[in-house]
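**Q** Take a look at the following structure, please.
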Amino acid sequence: MYTQADRKILIKTIQTMNQHLPPKRKTLAELLEEEKPGIKGKDNTFYVMDRPELELISKSIPRFMWSRIRLPILIEMSPELGSGSARIQGEAEIEAVSKILNLKRGDIGSRSMVIYLPDVRELRRKLPTTTQYAFVTSLREDSL
């Protein structure tokens, strides 16, 4: 059994680990129009996104999805997924990651997919400025 203090410490730790994340992500369409594409994190650091990566993403998804995909693509790390696993969420994000990594896409319309360490490494190698790690956990009693 975890105390309220334990939960508060866990929440604060995860918030600190996610300070680099933007409070709001931008669409690919918005970023392609910017002279210096990028996004500001909660820590007020401006993260520049490389244009070749934006172009790779734009070639991997249909044009109608450019206003749906939110960047940076978040690679969610969670203890619930197990060691070496990560989750990608969002239909357009899944489409792009599947094409870029040459992975078989799951169900059409699926809102999340799990990828494994070799794919996480490859995704970060191909998209270092347009992907970011996000650390998440459930605070349900059975998952602590």
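**Q** For the chain, what is the accessible area per residue in Å² when the probe is 1.4 Å?
**A** Dividing the accessible area of the chain by its residue count gives 59 Å².
**Q** So for the chain: antiparallel DSSP bridges make up what percent, rounded to the nearest 5?
**A** 70
**Q** On to the next question. Between T27 and R7, take the C-beta separation as r, use R0 = 35 Å, and let me know the FRET efficiency to the nearest 0.05.
**A** Efficiency computed from Cβ-Cβ geometry: 0.55.
**Q** Okay, next question. Order of 68-79, 117-128, 42-53 by packing, highest average Cβ count within 10 Å first?
**A** Ranking the peptides 68-79, 117-128, 42-53 by packing returns 68-79, 117-128, 42-53.
**Q** Tell me the net charge near K99. Cut-off is 9 Å between Cβ atoms, K99 excluded, with +1 for each Lys or Arg and -1 for each Asp or Glu.
**A** So the environment of K99 carries a net charge of +1.
**Q** If you plug each phi of the stretch 90-101 into the Karplus form 6.51 cos²θ - 1.76 cosθ + 1.60 with θ = phi - 60°, what whole-Hz ³J(HN,Hα) values come out, in order, with x for Gly and Pro?
**A** With coefficients 6.51, -1.76 and 1.60, one gets x, 4, 5, 5, 5, 4, 5, 4, 4, 5, 5, 8 Hz.
**Q** Consider the candidate values (i) 2, 8, 12, 14, 10, 7, 5, 4, 3, 3, 6, 9, 8, 7, 3, 0; (ii) 2, 10, 17, 17, 16, 16, 11, 7, 4, 1, 0; (iii) 2, 9, 18, 21, 20, 14, 9, 5, 2, 1, 0; state which one is P(r) over Cα pairs in 5 Å bins from 0, in percent computed from the structure displayed.
**A** (iii)
**Q** Given +1 on the Cβ of Lys and Arg, -1 on the Cβ of Asp and Glu, and no further charges, what dipole in debye does the chain carry about its Cα centre, rounded to the nearest 20?
**A** That gives a dipole near 120 debye.
The values are calculated or read from the model by the stated rules, or taken from the named source; none is laboratory data. Everything numeric here is computed off the predicted structure, so don't read it as measured data. Positions of Cβ are backbone-derived with ideal geometry, glycine not excepted, and every protein chain shown enters the neighbour counts. Accessible surface is based on the protein model in full, side chains and every heavy atom, while ligands, DNA and RNA are left aside. Shrake-Rupley method; radii C 1.70, N 1.55, O 1.52, S 1.80 Å.
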